[in-house]
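Have a look at the structure below, then the notes.
The values are calculated or read from the model by the stated rules, or taken from the named source; none is laboratory data. As the structure is a prediction and not an experimental result, all values here were calculated from the model. Here the Cβ positions follow ideal geometry from the backbone for every residue, glycine too, while neighbour counts run over all protein chains shown.
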Amino acid sequence: MSLGPLEIGRPWPLGAHCVAGGVNFAVFSEHAEAIELCLFDAAGQQELARLALPGRSGDLWHGHLPGAGAGLVYALRAHGPWQPDRGHRFDFGKWLLDPYAREIVGGLSWRRDSAHALKARVIDEPAPAVDPPRPRTPLADSVIYEAHVKGLTMRHPGVPEKLRGTYAGLASDAVIAHLRRLGVTAISLLPVHQHLDEERLVAHGLTNYWGYNTVGFFAVEPRYASSAAPRDEFRAMVRALHAAGIEVILDVVYNHTAETDAEGPTISWRGLDNLAYYRSLPGQPGVLDNPTGCGNALDLRHPRVLQMVMDSLRYWALQMEVDGFRFDLAPVLARGDAGFDARAAFLQCVAQDPALAGLKLIAEPWDVGAGGYQLGRFPQRWLEWNDRFRDGMRRFWLGGAASRGEFAQRLCASSDTFQSAGRAPAASIDFIAAHDGFTLRDLLTYERKRNLANGEENRDGQDANHGWNCGAEGETADADVPARRALLQRALLATLLLAQGTPMLCSGDELGHSQGGNNNAYCQDNATTWIDWQAADEDLIAFTASVLALRRELRPLPAHWASGEPDAQGAVELAWFDLDGRALDASAWRDPQARTLGALIGTARGAGGAPRPLLLLLNAEGETRQFALPDGVWTVRLDSANAAHSALRVRGGNRLTLSAHSLVLLAAAGGTKAAGP
């Protein structure tokens, strides 16, 4: 390749882009005094040339390199003051990674020697589709499945061995068949932006398995690729899932970067403009703010930092064709000068961006800073992880401090949180377990976390899990304990999948996956987190699929906020009652001991569209209980304790026996209206 002298070029778009006759480079730095472009051999080991970017347009530095093209390896050097007390950490002796790098050359973990500094490789990308085809599943029909690319596929016998742990493995017929069998409509992937392993983990022989340590907001994580073309493999995976009707949602980490705290590595943003990229404490520009708990926080109050995040979102939405994003520690992105701001620039930019229109936007609505818990405060289009659902359902079913009133609120999409804010029920992402915490099986097997393998002396991970070991800590030969655990697994899954809101199933919970009691397995890239498909509970998989089929068929709770008031014909949308069929008074709703509850749902519609009342009965107690049934003839559609009871017909006025730790759903035999019990 014959390279000409560096020309001024254009200040946009940011990053390195192949243009007619060469490559255009543009980088942001508000406080640098000069930016140099460093060129390397193909392996990124030998610096071949160092050229000052000749163009400057405000805070953008740019240049055009004639004769250059795809495959060129480069890094940046930034000249400026070294004044840590004023927030400036320029060091012209360091090679810096372009924040817009599409492909990264170098190691997967941070090393202190500069020879392992990360570089970028220029790629020549095809123009993205203006509006790529997507499943576009309505929220009312959406069921999310949270998974890790490697953990889901690494031990799957139906995935070809060379594809296990990869994007191609996730796109395999065997994995897609499982997702379709379950009836999930979207897969939410733990981070696939390229990330680094922290030095501490590497020293302990561990890795950052979850990937919440981003080094490239535009780069596909190469560890999950079976080929030398991770971007192409990722796109092929997305298209294969789309062809199966399954959306792809990415867990994205725009709240902090892999540069960690002031003692961490200078990889990219810190060396280019620490003061601009990162939040500092008010009046203390040399002290990093840390509402993330990870040492730094990107400052989206700065327009260029906000631009980087928005450019990254558009890139993944258009170029990589994904269907939505789950934002890790989302309040950080909307923090203004005085804390979380529901009208922050980031939220406003997302709202008006046509490239993101129609995509699913999910907030993890808390961070670790002051005022960081913001459940229910995100804008209309947003969905939010609802930990109140998680904790409330765990406490009710597993003997914690709970009441029927709280259970009903959580079952109805936490109307106390979302309805008052004018949000739809679908805004509540309901979950019992997620990647962060106990698996469903471990929630019923361990009351104490077992995180010693993480190398932090069991100090990490949540202590308050609201779980119950069902009578024995860990695995046991006592036959009664596993039977009790099996009952509760099914009851909790049924509650999640029939509840109002948008359900999210944690991968492996449908087949009894255990992490041996580790409730913070972020650094366990091994059999602890890889799902053991050979040990899968086939009955539990079938049960999960059957409950989701019922959800699709019966729509057990309406997509709108249900009223408990009778209409002009005396029918009700939703009425609650006790074992004897009586409406609950205030004291009964608050009773901390009562763990039985019935709901008459009057607006469910069958295949023909006619109203078809449903009964939902719950017995979270340790003994059988008998429920009085309203008038009519009822068909048992689901008994979480006894699959043989499905299709059993019972007549109103009698009592129906519910097993301990069980849930029963009945449908009216015919189109009778639902009167109050």
note = Restricted to region 607-628 and to residues being surrounded by fewer than 22 Cβ atoms within 10 Å (Cβ to Cβ) and at pLDDT 95 or above, the residue farthest from Glu538 (Cα to Cα) is Ala628
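How about region 11-34: which of its residues are more than 37 Å from the chain's Cα centre (by Cα) and under 14 Å from Leu60 (Cα atoms)?
Narrowing region 11-34 to residues more than 37 Å from the chain's Cα centre (by Cα): 20-22, 33-34.
Hits for region 11-34 are Glu33, Ala34.
So, Ile432, is that one farther than 22 Å from Pro303 by Cβ and in a strand (DSSP E or B) or not? Give the derivation first.
Details: farther than 22 Å from Pro303 by Cβ: yes; in a strand (DSSP E or B): no.
Against the criterion (farther than 22 Å from Pro303 by Cβ and in a strand (DSSP E or B)), Ile432 does not qualify.
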key: Only listed residue being over 19 Å from Val248 (Cα atoms), in contact (Cβ under 8 Å) with a residue 60 or more places away in the chain and touching a Phe, Trp or Tyr at 6+ places or on another chain (Cβ under 7 Å), chosen from Gly376, Gly372   = Gly372
query = Within region 132-148, restricting attention to residues that are surrounded by 15 or more Cβ atoms within 10 Å (Cβ to Cβ) and within 13 Å of Val322 (Cβ to Cβ), which residue is modelled with the highest pLDDT?
reply = Pro135
request  = Could you run through region 268-295 and say how many residues are surrounded by fewer than 20 Cβ atoms within 10 Å (Cβ to Cβ), part of a strand (DSSP E or B) and not hydroxyl-bearing (Ser, Thr, Tyr)?
outcome  = 5
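Only one residue in Ile267, Ile246 is in contact (Cβ under 8 Å) with a residue 24 or more places away in the chain and under 23 Å from Phe325 (Cα atoms). Which one?
Working: Ile267 fails: under 23 Å from Phe325 (Cα atoms).
Only one candidate passes the filter, namely Ile246.
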query = Pro265 is checked against (1) crowded, with 19+ Cβ neighbours inside 10 Å; (2) modelled with pLDDT of 95 or more; (3) in contact with a Lys or Arg (Cβ under 9 Å, 6 or more places away or on another chain); (4) not polar (S, T, N, Q) and fails just one. What number does that condition carry?
reply = (2)
Number of the condition not met by Gly4 [criteria: (1) farther than 25 Å from Val192 by Cβ; (2) in contact (Cβ under 8 Å) with a residue 24 or more places away in the chain; (3) in contact with a Lys or Arg (Cβ under 8 Å, 6 or more places away or on another chain); (4) not polar (S, T, N, Q)] = (3)
task = Please identify the pairs in which a residue from region 26-48 that is surrounded by 15 or more Cβ atoms within 10 Å (Cβ to Cβ) has its Cβ atom under 7 Å from the Cβ atom of a residue that is among the hydroxyl-bearing types (Ser, Thr, Tyr), counting only partners at least 6 apart or on another chain.
result = Ile35/Ser29; Leu37/Tyr74; Cys38/Tyr74; Leu39/Tyr74; Phe40/Tyr74
key: Pair list, Cβ < 6 Å and 6+ apart or interchain, from region 137-158 residues that are farther than 10 Å from Leu170 by Cβ to residues that are among the acidic types (Asp, Glu) and in a loop (DSSP other than H, G, I, E, B)   = Arg155/Asp532
query = So which residues in region 224-259 are in contact with a helix residue (DSSP H, G or I) (Cβ under 9 Å, 6 or more places away or on another chain), assigned to a loop (DSSP other than H, G, I, E, B) and crowded, with 24+ Cβ neighbours inside 10 Å?
reply = Tyr254, Asn255, His256, Thr257, Glu259
query = Restricting the first residue to region 614-638 and requiring it to be touching a residue at least 40 places away in the same chain (Cβ under 8 Å), which pairs with a second residue that is among the β-branched types (Val, Ile, Thr) and assigned to a strand (DSSP E or B) meet a Cβ separation below 6 Å and a spacing of at least six or different chains?
reply = Leu614/Ile601; Leu617/Val664; Asn619/Thr596; Arg625/Thr596; Gln626/Thr657
Number of the condition not met by Met310 [criteria: (1) assigned to a loop (DSSP other than H, G, I, E, B); (2) surrounded by fewer than 24 Cβ atoms within 10 Å (Cβ to Cβ); (3) on the phi < 0 side of the Ramachandran plot] = (1)
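Is region 143-164 home to any residue that is in a loop (DSSP other than H, G, I, E, B) and within 24 Å of Leu318 (Cβ to Cβ)? Reasoning before the result, please.
In the first step, residues of region 143-164 are kept if they are in a loop (DSSP other than H, G, I, E, B); the result is 143, 148, 154-160, 164.
If we keep only those that are within 24 Å of Leu318 (Cβ to Cβ) as well, we get none.
No: zero hits.
Quick test for you: out of Arg390, Arg404, pick the one residue that is crowded, with 19+ Cβ neighbours inside 10 Å and within 18 Å of Ile362 (Cα to Cα). Can you show your working first?
Numbers: Arg404 fails: within 18 Å of Ile362 (Cα to Cα).
Just a single option satisfies the conditions, and that option is Arg390.
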